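Notes for the one structure printed next.
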Amino acid sequence: MFANSHLTDDILRIAEDNNHSRDTCSFLRGTVGAVINNYMPMPDFLIATSLYCHGSAQTFYSLSKKYNRPFYYIDVPYDYNRPYAIDYVAKQIENIMLKMADNCKREFNINKLKTAIEYSNQARDYYVEVNELRKNKPTPMLGGEAIDYAIMLAHTFGCKEMVEICETLYRELKGRVDSRIGSLDEERHRILWRQLRPYYTLAPLEYLERKHRAAIVFEEANHVYWERMDPEDPFRSLARKLLSNYGFGEVQRWLDSTKSFVVDYSIDGIVEFAHWGCRFLSASTQMLKDALRDKDIPVLILDGDCIDRRDYSDGQIKTRIDAFVEILGRKKRLKG
Amino acid sequence: MGKGKVLLIDDNEIVLRAIEKLLIKEGYELTVIDDGKKALEVIKNISFNLIITDLRMPDFDGIQTIEKIRQIQAESKSSLSKFMIITAYPDADVFDKVSRLNIYRFMIKPFDKDIFLDAIEKCLDVKEGMRGEKSDFWETFGNKKIIDDFIAKQTEYNKRLIIQKGLPILGWNNTYVPEEIIIAAGFIPYRVMGASIPISLSKTYLSGNLCSNVQSVLECGLNGDYNFLDGIIIGGSTDVTKRLYDAWVRYANVPFGHLFDIPKRFDENAIIHYRESICFLIEEIEKYFKTKISGLNIAEAVSICNKSRKLLTGLNALRKTANPPVTPQQFLEICKLAMTGDKNSFNISLANLLDKIKPEAGEKEGFRILLTGSFQDQPWLLDVIESCGGIVVCEDLCTRYRYFSGLAREGSDPISAIAERYIKFKAPSATFVSQDERAEYLLDLIKEFKIGGVIYHILKFDDPYLFEFPDIKETLSGCGIPVLRIETEHNTTAVGQIMTRIQAFMETLKSGNPRRETAGCNK
Ligand code: SF4
C-alpha cells in the first residue's frame, strides 16, 4: 500500500535511522517505519506464524512490545507430515482464537468461524476454476493484472465479498475463454512468474507482456495449494491448510509444484523478481534454476526490492528482459 | 664435577646417541640406558638430578619406570630425582596420565635443541632440586603454556579420530541439534563449520544474499572437506539453514541426512515440538543405521554432555576474574574441540586441565568486552579487539556460551529432559522470537562478567540478528551499556575498517570509564 503511494522512502529511512538494517526485508522494515511514523492504526493484538520467514515473527513480536499489545504466535512444524502436526497446530489456533475473543471482550462464536470457512471454500472453488481457465491458450488474463490478487487472497479469504469477487473473475475469464479472446494480440511466449513484483512500478511486467508479447500466464503466488476445508472440523482444517503450504518443507516439495506449473501452463520460461531482503524466497532460487536445467526451461532472476525503489534501475531490468526474451526466441526457432 | 647428573632412558638408539652427544658437550654427567627395567638397577647406586625417559618402550614404559623409580627412592630414602618425559606420540590419553604424574617437563619429539637444553638447565638450577619435584612443568611454563599444550594434544587427538575412523561420525551444524542423540547412538558428534576460503561452488545452489557462514559451510561440504562424515544433521533454525540442508543432501554427497526441526518460541508448545523432533531423529537414525537407541543410552549421553557443559562453564567462570587465566583465543579453540570430537576423552582431559590452571595475580589491562551476535569461529576478531585495548571475557555466541550453557535434568524420561534443556535452560539464540528474553539474559552476563562494553557482531544477511539488534541495542543502551555493532562476512572482511570502528568504540569507553563497574539496570 505504502509502496504504491510512494511513501516508502520516508518510512524506510526512519526505520534505518532506528537501527533496522537495509539488508532486511523492506516489507518488514517499512512496517516498522510506518509504526514509528504513526501511519498505522493501533492494533488490538499482533499475530504471526512460523510459516515463511523468521523476520516477520521477530518484527511483530517487537511491535507488540512497543504497542503493549498481546503477541500471538502459531508454531507450524516443518515436518508437516508427522502424525502430531495437525492436532498440534489446530490446538494452537483454537487457543489463540479464544484469547483473541477474550482480548476484544467478545464471545467466541464457533458458528461464525464455520460460516467463514464455508465462504473460504466457495471463494477457493472459484479461484481454482480461475487458475484452470488460465491454462488456456491464449491466456485469458495477464500477470500484470493477476499478480495483485495474490495479496487480496491472503487477506480476504473467509469474507462473503471474496466469494463474489472470485465468482465475477471466474465468469469474466470463462467468457473470454469461451469466445477465444486472448489478452494479447499475439502470445509469443508463456511465462511463469515467481515471487511478487515491485509495488512502485509495473514496468517489468508490462515490458515483458506489452513490448515482447511474453504473457505471464501464471504466478506462483496465486496457486491454491490447499484442499477444501471441513466447516465441522474448523481448527484441524485450518491447520491442514497451513501445513499444506508447499513453500514450507523440503525444497523438493516446492520444485515439484513449480515443475507441475511448467507442464500445466505450457510454460516457456520463468521470471523471478527476487526480493532482496527475503531469505525465505531467495534461498530456493538457485536450486530451482538447477532443477529446471534438465527441463530446458530458461530462468531469469531479476534482483530487486518489492518496496524500496531507491536502487531500482529500469534500464538494467529492461536490458536483462531483452536478453532473456532473445533466448526464448532462439529456443523457439530451434524447436521449429 | 659437571653441571648435574642426568640419566637418559630411550629404546631408540638414534635418539639416545643424539641426546648423549648434546648433553656431554654441554657438560652434563650422562648415563644412557635403552630400557626402563635396567634403569631400576642403575638408580640403586647413583643419585641422578634429572631422569629423562622416553614414554613408549617395550615391556616397561616411561610412566611405569617413573613410578617404580620414585618408589625405590622413597623406600631407600635416597635423593629424589626430577623427571622429564619425551615422546613422539602425544595423544590425549597419554597426556592425561602424564599430567597426573606431576613431573618436571613433558616434551614432544622432535624438539628444538635450545628449548630442550634450556629446560634441563632450569630444572637443575633449582636449589632444592635434589629433594623433589618442587618445580613441576605446569608452574614452570604458566597457564598459557599448559592450555596451549592441551589444545595441541586434543587437536591432534580429534584429528586422529577422523583418520582412524573407529566409530561413525555424524555432523551437526547448530547448537539446537541434540548431540545427546548422536552419542546415544554410539556415534561421535562433529560440528560442521565453514572455513576461510572463497565461496565459489556453493553459489550455484545458494544466492549471494544469504548468510555467508551458511554459504561457507556448504562450500566446505561441496569441497569434500566433510567426506569423513557418515551423515549430517542440519538444525533448521532459519529460512536459510533449511535450504542448507536441501543443498547438502542434494549436492554434497552424504550417506545420511536429516533436517532437525527447531521451534521458535520458549513455551510449552515448543517443548512438545522439540520432543517430536527428537523422536523423529531417533527413528531416522535407527532406521538408516539399523541400530537401537535405548532410554538408557540416552540417559548416559545426557550425563556425558552435562559433564562437558559443567567443565566448560567452570573454565568460562575463570574469566570472571580480574586477570583471566585463559585467553579468548584459547577459549574459542577449546570450545571448538568440545564440538568436534569424542566427549568422554575431552571431558577427562579438560577436567585435568582445570585442576592445573592457577589463578593469575593482578589485573589485566583493557576494557572488559562481551561479544555477542552471529556465528563466529575465527580468532581474528578477538585479536583485533585485543589490539584495540579490549579483552573479550565472555562470548554470547553459538560457538561458545550458547553451546554449553544450561544442563539437562538427569534421571527419568531423558527425551523430555533434553527438550527442556534446549528450550528452557540453554542460553537462547536470536533464532528464537525472544528479543526480551535475550536482552534480559545479556544483562545478566554483563553483570556477572563485569562487562564494560558490548560488541554486537552480525554476519551479513544473518536475519535473526539483523532483526533482533534494534531491540537489544535499545534495552542495553537504556541501561547505560555501550554497544558497538559491527558487520562482517565469514570469509572476506575489511579488517582495517572493523579495527577503526573498534578503536573508536574503545575511545568512547575510555571517556566513560566503564572498565570494572557495569552500570546497574533496573529494567
Ligand atoms: S517477503 Fe520474505 S522476508 Fe519479507 S515478509 Fe515476506 S516472507 Fe518475510
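The values are calculated or read from the model by the stated rules, or taken from the named source; none is laboratory data. Note that the coordinates shown come from a computational prediction; the quantities given were computed from them, not determined experimentally. Here the Cβ is made from the backbone with ideal geometry for all residues, glycine too, and neighbour counts use every protein chain on show.
The number of residues in region A:288-308 that are among the charged types (D, E, K, R), within 16 Å of the ligand (Cβ to nearest atom) and surrounded by 19 or more Cβ atoms within 10 Å (Cβ to Cβ) comes to 2. Checked against (1) more than 30 Å from A:Asp10 (Cβ to Cβ); (2) away from chain B (no Cβ under 14 Å), A:Asn245 meets all criteria but (2).
Quick check: is even one residue across region B:451-460 in contact (Cβ under 8 Å) with a residue 60 or more places away in the chain, outside any strand (DSSP E or B), in contact with a helix residue (DSSP H, G or I) (Cβ under 9 Å, 6 or more places away or on another chain) and facing chain A (nearest Cβ under 9 Å)? So far as region B:451-460 goes, yes, one or more of its residues are in contact (Cβ under 8 Å) with a residue 60 or more places away in the chain, outside any strand (DSSP E or B), in contact with a helix residue (DSSP H, G or I) (Cβ under 9 Å, 6 or more places away or on another chain) and facing chain A (nearest Cβ under 9 Å).
Yes or no, residue by residue, for (1) more than 16 Å from the ligand (Cβ to nearest atom); (2) at pLDDT 95 or above; (3) within 10 Å of chain B (Cβ to nearest Cβ):
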{"residue": "A:Phe60", "(1), (2), (3)": "no, yes, yes"}
{"residue": "A:Tyr78", "(1), (2), (3)": "no, no, yes"}
{"residue": "A:Ile93", "(1), (2), (3)": "yes, yes, no"}
{"residue": "A:Leu98", "(1), (2), (3)": "yes, yes, no"}
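Before we move on, is B:Tyr465 assigned to a strand (DSSP E or B) and within 11 Å of another protein chain (Cβ to nearest Cβ)? For B:Tyr465, the condition - assigned to a strand (DSSP E or B) and within 11 Å of another protein chain (Cβ to nearest Cβ) - is not met. Which of the residues spanning region B:399-421 are closer than 26 Å to A:Phe60 by Cβ and surrounded by fewer than 24 Cβ atoms within 10 Å (Cβ to Cβ)? Across region B:399-421, the qualifying residue is only B:Arg402. Out of curiosity, is A:Ala221 in contact (Cβ under 8 Å) with a residue 24 or more places away in the chain, assigned to a helix (DSSP H, G or I) and either away from every other protein chain (no Cβ under 14 Å) or touching a Leu at 6+ places or on another chain (Cβ under 6 Å) (or both)? Taking the combined requirement at face value, the residue satisfies it. Restricting B:Ile415, B:Ile481, B:Ile472 to those that are closer than 26 Å to B:Arg501 by Cα, modelled with pLDDT of 95 or more, more than 13 Å from chain A (Cβ to nearest Cβ) and more than 26 Å from the chain's Cα centre (by Cα) reduces the list to B:Ile481. Checked against (1) within 16 Å of the ligand (Cβ to nearest atom); (2) more than 8 Å from chain B (Cβ to nearest Cβ); (3) not hydrophobic (A, V, I, L, M, F, W, C), A:Gly55 meets all criteria but (2). Checking each residue in region B:235-271 for being without any contact (Cβ under 8 Å) to a residue 24 or more places away in the chain, within 7 Å of chain A (Cβ to nearest Cβ) and over 21 Å from B:Thr204 (Cβ atoms) picks out only B:Asn269.
Can you tell me which residues in region B:28-64 are surrounded by 21 or more Cβ atoms within 10 Å (Cβ to Cβ) and either more than 24 Å from B:Asp118 (Cα to Cα) or aromatic (Phe, Trp, Tyr) (or both)? Scanning region B:28-64 gives B:Tyr28, B:Gly36, B:Ala39, B:Ile43, B:Phe48.
Please enumerate the residues belonging to region A:314-336 that are of a type in the set (Val, Ile, Thr) and out of contact with any strand residue (DSSP E or B) (no Cβ under 8 Å at 6 or more places or on another chain).
Matches in region A:314-336: A:Thr319 only.
Name every residue in region A:52-103 that is aromatic (Phe, Trp, Tyr) and in contact with a strand residue (DSSP E or B) (Cβ under 9 Å, 6 or more places away or on another chain), in order of residue number. A:Phe60, A:Tyr61, A:Tyr67, A:Phe71, A:Tyr72, A:Tyr73, A:Tyr78 - these are the residues of region A:52-103 that are aromatic (Phe, Trp, Tyr) and in contact with a strand residue (DSSP E or B) (Cβ under 9 Å, 6 or more places away or on another chain). Can you find, within region A:21-49, the residue that is nearest to A:Phe60 (Cα to Cα) among those that are outside any loop (DSSP other than H, G, I, E, B) and in contact (Cβ under 8 Å) with a residue 40 or more places away in the chain? Across region A:21-49, the extreme among qualifying residues is A:Ile47.
I'm trying to understand the selection: among the residues of region A:255-287, which are within 16 Å of the ligand (Cβ to nearest atom) and within 27 Å of A:Lys332 (Cα to Cα)? Give the derivation first.
The initial filter retains those residues of region A:255-287 that are within 16 Å of the ligand (Cβ to nearest atom), namely A:272-285.
Hits for region A:255-287 are A:Glu272, A:Phe273, A:Ala274, A:Thr285.
The single condition among (1) farther than 26 Å from B:Asn45 by Cα; (2) part of a helix (DSSP H, G or I); (3) at pLDDT below 70; (4) of a type outside the set (Phe, Trp, Tyr) that B:Glu128 does not satisfy is (1). Residues that are within 16 Å of the ligand (Cβ to nearest atom) and assigned to a helix (DSSP H, G or I) within region B:231-286 comprise B:Asp239, B:Val240, B:Thr241, B:Lys242, B:Arg243, listed in sequence order. Against the numbered list (1) of a type in the set (S, T, N, Q); (2) in a loop (DSSP other than H, G, I, E, B); (3) away from chain A (no Cβ under 11 Å), B:Ser216 comes up short only at (2). Of the set (1) surrounded by fewer than 19 Cβ atoms within 10 Å (Cβ to Cβ); (2) of a type in the set (A, V, I, L, M); (3) within 22 Å of the chain's Cα centre (by Cα), all apply to A:Ala48 but (1).
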